[in-house]
Structures are given as C-alpha cells and as structure tokens.
Amino acid sequence: MQKWTLRTSVGLFWIAPDRDHRYTLGLDDETLGNYHSPGKAGDDVFLHATGHSPWDESSFSAPEDISEWLKA
C-alpha cells in the first residue's frame, strides 16, 4: 500500500489509499477528504483548499506536484 507524506509547519499531511480504491487526505490524526487520485489530494494541499483553516489561510508553500512528496 503506497502512502505519501509531506511535513509542514502545521503538521504532517498524508495521502493513503482506502478500501474503495480512492485516496484519503489527512493531517496528523485528522481526515480531511477523499479523492479519486492522490494527485487531486496533493493539489488541494498546494492550492490551500484542504478545509483545514490553519493551512488554508497560511502563506506556507507546498510542492505543486505529488512527486515531490515523500513516498512510503
């Protein structure tokens, strides 16, 4: 099972596959959303559209492409 992680100043974002062949985006112990692809989940982090206000309202940067996240 492939998982992607990105350490930021607000916590550890993670993207992991679920049982329904979709991908879950989370931050530390919180689930933020469910996506058709890991790239779409990464896009929401890059675009500050995660639903997590401390991240979404920040000026912190994230990689534009999920290939720059750490793969586990």
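None of the figures in this text is laboratory data; all of them are computed from the coordinates on show. Since the structure is predicted, the reported quantities are computational estimates derived from the model, not experimental observations. Cβ sites come from the backbone with ideal geometry, for glycine too, and all protein chains shown count toward neighbours.
Points to keep in mind about this one:
- Charged neighbours of L12, selected by a Cβ distance under 13 Å, balance to -1 (K, R count +1; D, E count -1).
- What the Cβ-Cβ distance of M1 and L47 gives, at R0 = 25 Å and to the nearest 0.05, is a FRET efficiency of 0.45.
- Global geometry of the chain, whether rounded, prolate or oblate, following the gyration tensor of its Cα atoms and the 1.5 cut on a/c: prolate
- Counting charges near H48 (Lys, Arg +1; Asp, Glu -1) among other residues having Cβ under 11 Å from its Cβ returns a value of -4.
- GNM top mover of G26, G39, G51 - the chain, alpha-carbon springs below 10 Å: G51
- Helical runs (DSSP H, four residues minimum) scored at -39500 (n - 2.57) apiece and divided by the length of the chain put the mean residue ellipticity at 222 nm at -4500 deg cm²/dmol.
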